[in-house]
1. With θ set to phi - 60°, apply the Karplus curve 6.51 cos²θ - 1.76 cosθ + 1.60 along region 141-150 and write out the HN-Hα couplings as whole Hz, x wherever there is a Gly or Pro.
2. Nearest 0.05, what FRET efficiency do residue 6 and residue 48 give at R0 = 25 Å with Cβ-Cβ as r?
3. With r as the distance between the Cβ atoms of residue 155 and residue 193 and R0 = 22 Å, compute the FRET efficiency 1/(1 + (r/R0)^6) and round to 0.05.
4. Which three semi-axes in whole Å describe the equivalent ellipsoid of region 137-215, each the square root of 5 times a Cα gyration tensor eigenvalue, listed largest first?
5. Gain in length, residue 96 to residue 200, computed as 0.36 nm per residue apart minus the alpha-carbon separation, to one decimal in nm?
6. When the accessible area of region 1-44 is split by element with a 1.4 Å probe, what percent falls to carbon and sulfur?
7. What percent does the relative contact order of the chain come to when contacts are Cα pairs within less than 8 Å and at least six residues apart?
8. If you wrap a convex hull around the alpha carbons of region 1-105, what volume per residue comes out, as a whole number of Å³?
Amino acid sequence: MVEHDALSATRDAYDAVAPTYAQLFRDELRDRPLDRAILSAFAEVVRASGNGQVADLGCGPGHITAHLDELGLAVFGIDASPAMITLARQAHPGLRFDVGSLAASNIADGELGGVLSRWSIIHTPPHELPVILAEFHRVLAPGGHLLIGFSASDNPSHPTQVFDHAVAPAYRWSPDHLAAMLHKSGLAEVARMVREPQPTDRRQFQEIQLLARKA
């Protein structure tokens with residue numbers, strides 16, 4: 001499957017489930033104190049850098065974008081799914097949401113102080129991920145920060161692993177491998193958070209969030 005076909009299939013799949021997805025995840029941070037903590041840390045380092053706007057790339061229905069706004073960031077959201085963007089605009093009319101892709105965000109070079117990519121890379125075929133990481137690097141200002149979230153693979157010797165995502169084909173990543181890819185793209189790891197699966201979680205995967213900085 002080429003990148004264009006993968007993007008189109010993912011977009012169409014999320015368009016079809018957008019209302020259900022928005023309802024299911026709108027309160028996801030309520031019982032996730034560690035996620036709230038890493039988002040707060042991300043907001044703090046972005047503000048401390050003195051840089052400008054933040055983009056939530058792969059924003060879905062906009063609930064995390066709105067949370068970053070509440071943390072004091074000048075944030076906007078981009079998603080490939082027009083249906084998701086419609087729901088985001090309806091739920092958060094005071095914020096900006098645009099249709100766009102991770103690999104071609106239509107953001108100027110060095111415009112952003114921060115990029116959030118929260119489980120938005122998981123549907124990207126592995127051979128296409130370097131293009132997206134290069135795009136993250138391109139839109140960040142020097143000193144800007146990226147917070148990227150994904151599910152970890154079981155075997156560190158395997159960089160990626162396919163899993164049975166409910167909406168579209170998806171991939172888990174070795175955290176060390178992805179950190180090395182970030183470094184190759186000019187984004188140095190600052191910190192990582194590893195969340196072990198809870199007994200009630202449907203998928204028993206580690207959840208990883210890497211904080212990286214552009215030199």
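1. So the J values, rounded to whole Hz, are 6, x, x, x, 10, 10, 10, 10, x, 6.
2. Working: r = 37 Å, r/R0 = 1.46.
E(calc), rounded to 0.05, equals 0.10.
3. Working: r = 21 Å, r/R0 = 0.94.
After rounding, the FRET efficiency stands at 0.60.
4. Numbers: eigenvalues 124, 34, 29 Å².
Working through the eigenvalues yields semi-axes of 25, 13, 12 Å.
5. Values: separation 104, 0.36 × 104 = 37.44 nm, distance 3.51 nm.
The span from residue 96 to residue 200 would gain 33.9 nm if fully extended.
6. Numbers: 1550 of 2780 Å².
Solvent-exposed carbon and sulfur of region 1-44 make up 56 percent of the total.
7. Working: 415 pairs, mean separation 39.5, N = 215.
Reported as a whole number, the value is 18 percent.
8. Details: hull volume 11.5 nm³, N = 105.
Considering the Cα atoms of region 1-105, their hull volume per residue is 110 Å³.
The values are calculated or read from the model by the stated rules, or taken from the named source; none is laboratory data. Everything numeric here is computed off the predicted structure, so don't read it as measured data. Using ideal geometry, Cβ is built from the backbone for each residue, glycine included, and neighbour counts are taken over all protein chains shown. Note: accessible area is taken over every heavy atom of the protein model, side chains too, but ligands, DNA and RNA are not part of it. Shrake-Rupley method; radii C 1.70, N 1.55, O 1.52, S 1.80 Å.
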